[in-house]
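First comes the structure, then the notes that go with it.
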Amino acid sequence: MLKANTDIVRLNGAEKHFGAVRALNGVDFHVGAGECVGLVGHNGAGKSTLMHMVAGTLRPDGGQIAVRGDEEASYSVARALELGIRCVFQELSLCPNLSIAENTRINHPSLAGFGWRRRAADLIRAKLDEIFPDHGISADDIAGDLSIGRRQMVEVARAFTLTREPLHLVILDEPTSSLDAHTAGQLLSFVRRFVEQGGSCILISHVLGEVLQNADRIVVMRDGKVVAADAADAFDRDKLVAAMGGAEGHQKAAAEVRKTEPGALKVRARPARQQDGKELVARAGEIIGLAGLAGHGQTDLLLAIFSAAARARTGIEVTAPVALVAGDRQSDGIFSQWSIAQNIGIRSLAKLRNGLLISPQREAELAEFWKKKIGIRTPDMNNNIYSLSGGNQQKALFARALGSDAEIVLMDDPMRGVDIGTKLEVYDLVREEAAKGRTFLWYTTETEELDNCD
């Protein structure tokens with residue numbers, strides 16, 4: 001075990017550019033042994049870029065990185081794993097066509113040889129049982145068949161599994177973003193036990209309460225720089241928000257939401273497994289919240305309503321155009337080969353047409369309007385959607401839905417990986433659009449968001 005005052009990893013003057021975008025600007029950062037460091041900042045602040053550098057998936061354009069006191073001149077993913085550094089990325093990395101056991105084998109070369117499948121299955125099952133006792137996941141399950149919440153559970157458990165490879169530092173980039181409150185609590189309790197036993201963690205989260213309660217030290221980033229760093233007990237929520245910049249220090253109370261009389265019927269739906277005759281009814285101008293533990297049919301209901309808008313389905317009535325804001329943006333939201341502007345405009349093709357063709361000018365005007373309206377951080381809306389941070393990709397999905405003719409907007413846990421400032425802006429937008437008569441069906445795993453619902 002390393003001494004408590006020994007740095008597991010240290011970066012000095014880290015620089016990173018993506019074309020004209022300066023993602024990191026002379027960042028100094030370190031993590032000690034037996035320490036949980038919270039890393040916060042708005043979308044595009046540079047947090048994920050910094051963590052990719054620590055994990056070895058990105059090389060710095062300038063500066064130095066040292067691990068356990070030794071400078072690393074040729075740092076890579078393989079070298080990071082060799083030194084006991086692992087990462088749970090915000091955009092999950094499981095191979096969707098492989099089983100959970102097979103995905104575990106990929107991370108552990110020492111599992112090679114006769115009987116590897118059984119050993120990998122035993123390894124991941126034991127860790128899932130330790131972190132998430134009631135997980136209900138089989139090692140034979142295919143990763144792509146699991147919900148995004150369960151995939152996140154597997155990704156986390158895989159990062160903490162132990163074989164012959166060492167484990168000193170785990171980077172957790174938005175690890176609870178797809179988990180319900182119960183499951184998130186299980187994970188964070190495990191993280192604290194891991195740190196108490198001498199392990200180290202970097203915790204990136206837009207849920208500021210999670211960081212304040214679980215980190216020993218907090219680092220705040222803004223515009224590619226570290227702007228504040230101190231012991232966790234030196235901060236409270238308002239101080240963190242102020243250091244991050246660009247957001248109000250409080251959410252508007254639900255009582256401030258202007259209530260209007262519900263309008264015409266927009267959606268009537270009965271969940272497939274509902275036996276008692278109860279049904280969901282949503283009218284024009286209403287914001288209807290869907291709560292409950294993850295995996296209890298909320299997403300299935302939203303997808304059934306979405307498909308019923310195009311094709312009649314038994315037990316579901318939809319009377320107006322529908323748009324969906326997906327929480328699992330990689331699988332269900334973005335078009336990865338397209339520009340930001342194209343991703344926003346795809347739901348509005350009718351009004352973007354000039355004759356038989358799409359008008360580039362109209363597409364650009366729509367994209368620029370929503371760039372300013374919702375604060376998408378990019379120098380050029382013609383850049384590929386993947387040039388954006390995860391939270392800014394999610395903003396583009398909101399822009400797609402709200403910029404369309406949809407009178408019904410379905411939101412499937414859409415705030416995954418979105419910073420507090422953007423959340424406040426989106427809450428205001430949703431209320432503004434509801435006041436104009438739009439209907440929102442909003443599933444969320446963040447229970448405080450239900451305060452925004454009718």
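Here the dipole of the range 254-452 is about 560 debye; that uses its Cα centre as origin and unit charges on the Cβ of Lys and Arg (positive) and Asp and Glu (negative). Evaluating kT/(6 pi eta Rh) at 37 °C and 0.692 mPa s, with the Kirkwood radius of the range 121-233 over Cα pairs in the Stokes-Einstein relation, gives 216 µm² s⁻¹.
For the chain, what is the calculated [θ] at 222 nm in deg cm²/dmol (nearest 500), taking -39500 (n - 2.57) for each run of four or more DSSP H residues and dividing by its residue count?
-10000 deg cm²/dmol
Extension gain, Asp454 to Asn382: 0.36 nm times the residue separation minus the Cα-Cα distance gives 22.2 nm. For the chain, averaging the sequence separation of C-alpha pairs within contact (under 8 Å, six or more residues apart) and dividing by the residue count gives a relative contact order of 17 percent.
Fewest first, what order do Phe190, Phe398 take by the number of other Cβ atoms within 10 Å? Could you put the intermediate results ahead of the total?
Numbers: Phe190 17, Phe398 26.
The order, fewest Cβ neighbours first, is Phe190, Phe398.
Which is farthest toward the positive dipole end of the chain among Ala320, Leu397, His42, measuring Cα position about the Cα centre, with Cβ charges +1 (Lys, Arg) and -1 (Asp, Glu)? In the chain, that residue is Ala320. Normalised Debye scattering of the range 327-393 at q = 0.28 Å⁻¹ gives log10 I(q)/I(0) of -1.32, counting only Cα atoms as equal scatterers and leaving out solvent. Cross-linked pairs Lys47/Lys423; Lys47/Lys436; Lys16/Lys351; Lys47/Lys266; Lys239/Lys436; Lys225/Lys351: Cα-Cα separations exceed 29 Å for Lys47/Lys436; Lys16/Lys351; Lys47/Lys266; Lys239/Lys436; Lys225/Lys351.
Measuring nothing but how far apart in sequence close Cα pairs (under 8 Å, 6+ apart) lie, relative to its length, the range 254-452 scores a relative contact order of 31 percent.
Between the range 98-169 and the range 379-446, the alpha-carbon centres lie 33 Å apart. Of the residues Ser339, Asn452, Leu349, the one whose Cα sits farthest toward the positive end of the charge dipole of the range 254-452, with +1 on the Cβ of Lys and Arg and -1 on the Cβ of Asp and Glu, is Leu349. Scan the chain and note any complete DSSP helix (H) whose C-alpha atoms cover at least 30 Å along its axis and whose Kyte-Doolittle average is 1.0 or more. None clear 30 Å together with a mean of 1.0.
Restricting to the chain, what percent of DSSP beta bridges are antiparallel, rounded to 5?
On the way: 34 of 64 bridges.
Counting only bridges with both partners in the chain, antiparallel ones make up about 55 percent.
Packing order of peptides 9-16, 236-243, highest average first: 9-16, 236-243 (average count of other Cβ atoms within 10 Å over each peptide's residues). Candidates Ile100, Phe18, Ile131 compared by Cα position along the dipole of the range 1-131: farthest toward the positive end lies Ile100, with charges placed on Cβ.
Placing a pseudo-label 7 Å from each Cα along the Cα-to-Cβ vector at Gln213 and Leu280 gives an inter-label distance of 2.7 nm. Global dimensions of the range 4-160 from alpha-carbon coordinates: Rg and Dmax equal 17.4, 50 Å. Computed with the Debye formula from one identical point scatterer per Cα of the chain, without solvent, the log10 of I(q)/I(0) at q = 0.07, 0.12 Å⁻¹ comes to -0.37, -1.09. Size check on the range 254-452: the Cα extents along the three principal axes, sorted descending, read 52, 39, 32 Å.
A short reminder: the numbers here are calculations on the coordinates, not readings from a lab. A quick note: this is a predicted structure, and the numbers were derived from the prediction, not measured. Cβ sites come from the backbone with ideal geometry, for glycine too, and all protein chains shown count toward neighbours.
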